[in-house]
1. Check P467, P453 and return the single one that is loosely packed, with under 10 Cβ neighbours inside 10 Å and either touching a residue at least 24 places away in the same chain (Cβ under 8 Å) or not assigned by TED's automatic domain parsing to the domain that holds W381 (or both).
2. Of the residues V102, V145, V133, V167, only one is in contact with a Ser or Thr (Cβ under 7 Å, 6 or more places away or on another chain), within 19 Å of S53 (Cβ to Cβ) and not in a loop (DSSP other than H, G, I, E, B); which?
3. Every residue in the range 515-538 that is hydrophobic (A, V, I, L, M, F, W, C) and either in a helix (DSSP H, G or I) or farther than 15 Å from E494 by Cα (or both), please.
4. I'm trying to understand the selection: among the residues of the range 91-113, which are among the aliphatic types (A, V, I, L, M) and modelled with pLDDT under 80?
5. Is there any pair with a first residue in the range 419-431 that is in a helix (DSSP H, G or I) and a second that is modelled with pLDDT of 75 or more whose Cβ atoms are under 7 Å apart and which are 6 or more apart or on different chains, and what are they?
6. Has the range 497-520 got any residue that is surrounded by fewer than 11 Cβ atoms within 10 Å (Cβ to Cβ), outside the structural domain of G449 (by TED's automatic domain parsing), polar (S, T, N, Q) and within 59 Å of the chain's Cα centre (by Cα)?
7. Restricting attention to the range 340-357, does a residue exist that is modelled with pLDDT of 85 or more, assigned to a helix (DSSP H, G or I), within 42 Å of the chain's Cα centre (by Cα) and over 30 Å from S507 (Cα atoms)?
8. Give the residue, chosen from R160, R141, that is at pLDDT below 80 and assigned by TED's automatic domain parsing to the domain that holds P105.
Amino acid sequence: MGEQVLPQMVHPPHNMPIPQDGFFAHHNSNGNYGALNDIFNIVLLGLTGTGKSASANTILAAGNTQLDPSQLFKSEPSSMPVTTQCEVRIMERLYGMHVRVVDTPDFLNDQLENAPAQIEECKKYCQPGKCVVLLVLQLGRFTDVERGILENLEVKLGWRIRESTIVVLTHGEDLRGSLDQFLKAHTNLKNIVDTAAWAPELAAAAWRTEMAAFTERSRGGGGRFAGCSRTVWPWWRLAVLLFSVSSMPAVTALVEGLYCGTEVCYDVLGVTREASKAEIARAYRQLARRYHPDRFRPGEPGLEGETQESAQKKFLLIVTAYETLKDEDTRRDYDYMLDHPEEYYQHYYAYYRRQLTPKVDVRVVILVTICAISIFQYYSWHSSYNEAINYLVTVPKYRIQATEIAKQQGLLNRTKEKGKNRRSKEEIREQEEEVIRDIIKNKIDIKGGYQKPNLSDILLCQIVLFPYYLTNYVAWYVSWVYRFTICREEYGNEEKLYIIRRYMKMSQSQFDSLDENTRQSFLEKQLWIKENYEVYRKEQEEEMKVKLATDPRMKRYRRWMKNEGPGRLTFIDD
């Protein structure tokens with residue numbers, strides 16, 4: 001068979017501007033370009049943030065490192081997809097042939113605008129026998145969407161692209177050990193590689209082909225392409241291309257300062273994302289025994305080249321990985337970060353929200369708060385009660401009565417004392433004050449806000465006794481409805497006072513602070529009857545108006561309001 005000849009066309013595909021220099025397609029000697037169907041296509045597919053555009057730029061720069069940035073695909077770190085539509089660059093004579101490189105958006109992104117049109121545009125280049133599909137995945141990151149990515153893309157594009165797919169792994173510098181070991185530890189990724197057409201081989205930061213072998217086969221030398229015509233296109237046997245991305249600007253979920261930094265926490269512990277808590281704990285204990293500063297022994301098998309300082313850093317990284325993965329909520333946030341690297345600021349918020357939030361049981365916080373409020377309530381009520389007692393001790397009426405009671409009970413002993421037991425006048429006066437104070441405490445029943453504090457009234461006891469109070473209230477309410485609504489019984493004094501208190505909108509303590517004569521007057525006026533209470537309320541309002549009108553202090557206040565009034569903001573110039 002003779003040399004392979006490419007058919008030509010007059011215009012570039014889809015009126016795409018083609019650079020006229022260097023490694024890119026340029027005007028042929030006869031003035032024509034290769035036809036749309038006669039240019040070999042490299043189509044890059046994958047999710048947002050895996051490095052599709054950066055990988056495509058690596059291909060473009062394979063034969064010319066002096067490319068102008070305008071000749072490359074746009075590729076930059078971003079929390080949003082950078083590639084939003086199909087973009088095409090054409091290279092001439094890559095390994096002796098014309099090649100079209102097609103960069104695509106994330107077809108599995110639900111927020112992709114005009115997705116059907118973008119998929120149809122991609123189908124023009126991604127056709128069976130006319131292209132090779134590079135499925136770009138990020139090393140160390142495997143999302144739920146990527147689990148069935150080949151099947152989903154086949155549904156979108158309408159043919160079995162797996163038969164033409166090469167798996168490309170970016171972030172190759174993160175690989176620890178061999179690729180075979182990595183694939184064995186990550187079964188989901190291995191399933192994708194096994195599904196693709198080519199057996200896995202490893203290349204780092206470079207492209208490898210077997211063009212010589214292809215040329216021999218295309219000439220009838222046997223193999224997969226034996227007997228094919230001259231127009232058959234080469235299939236690259238490389239199944240896994242591993243790019244070094246030290247210079248590739250791609251969206252990545254691994255950020256220094258978050259979780260394990262640029263390391264994957266699962267890889268630090270040597271476990272998969274499907275590992276259980278027990279497996280994670282077991283891996284942590286094994287690594288901690290080896291790298292703990294107190295147990296580290298340089299030169300042990302598997303620790304060659306490790307120093308005390310490097311082992312300490314490794315141990316801190318192991319602890320960080322374990323702390324991240326042992327907690328279900330933190331692990332969920334970390335997995336979400338690996339699956340959605342484009343949500344950059346959301347990951348910072350989730351990380352620091354958990355770091356700065358005190359990890360205290362909310363039940364303990366509630367209990368401590370209730371106890372603190374209860375203690376404050378009790379001491380506040382006790383202080384108010386002591387203030388009331390101190391005031392009553394100074395009131396002559398209560399003081400004289402308390403003194404008489406003390407004399408009757410023989411508590412005030414004014415007999416002269418002699419010898420060592422003799423007390424000073426101040427000590428005798430203090431004792432008398434204490435006796436009078438105790439009598440007033442015991443004899444006077446203070447109601448309202450200054451009453452004696454009761455432990456059952458504090459918040460903690462109220463919460464504990466709430467079921468008991470609720471049961472009593474339900475029983476009382478049912479009894480009330482049965483007695484006075486169904487049976488039509490007459491109200492007793494207690495029930496009448498309850499209705500009056502409800503009309504007046506007073507609490508039980510406020511109502512109890514009223515003197516007995518006042519409450520008796522309420523009964524005499526039959527205020528439990530709604531009409532009588534309305535008349536009483538209007539009378540009280542009129543009396544208050546008259547009182548305010550005749551009060552000298554209120555008169556002074558009204559004169560002041562009329563003549564001076566409160567300060568007002570004005571913009572009038574004096």
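1. Details: P453 fails: loosely packed, with under 10 Cβ neighbours inside 10 Å.
Result: P467 is the single residue among P467, P453 that is loosely packed, with under 10 Cβ neighbours inside 10 Å and either touching a residue at least 24 places away in the same chain (Cβ under 8 Å) or not assigned by TED's automatic domain parsing to the domain that holds W381 (or both).
2. V133
3. Within the range 515-538, F522, L523, V535 meet the criteria.
4. Just the residues of the range 91-113 that are among the aliphatic types (A, V, I, L, M), to begin with: 91, 94, 97, 99, 101-102, 108, 112.
Scanning the range 91-113 gives M91, L94, M97, V99.
5. Cβ pairs passing all conditions: none.
6. Within the range 497-520, not a single residue is surrounded by fewer than 11 Cβ atoms within 10 Å (Cβ to Cβ), outside the structural domain of G449 (by TED's automatic domain parsing), polar (S, T, N, Q) and within 59 Å of the chain's Cα centre (by Cα).
7. Scanning the range 340-357, I find no residue that is modelled with pLDDT of 85 or more, assigned to a helix (DSSP H, G or I), within 42 Å of the chain's Cα centre (by Cα) and over 30 Å from S507 (Cα atoms), so the answer is no.
8. Exactly one of R160, R141 is at pLDDT below 80 and assigned by TED's automatic domain parsing to the domain that holds P105, namely R141.
The values are calculated or read from the model by the stated rules, or taken from the named source; none is laboratory data. Predicted, not measured: the structure shown is a model, and the values here were computed from it. Please note: Cβ atoms are built from the backbone with ideal geometry, for glycine as well, and neighbour counts cover all protein chains shown.
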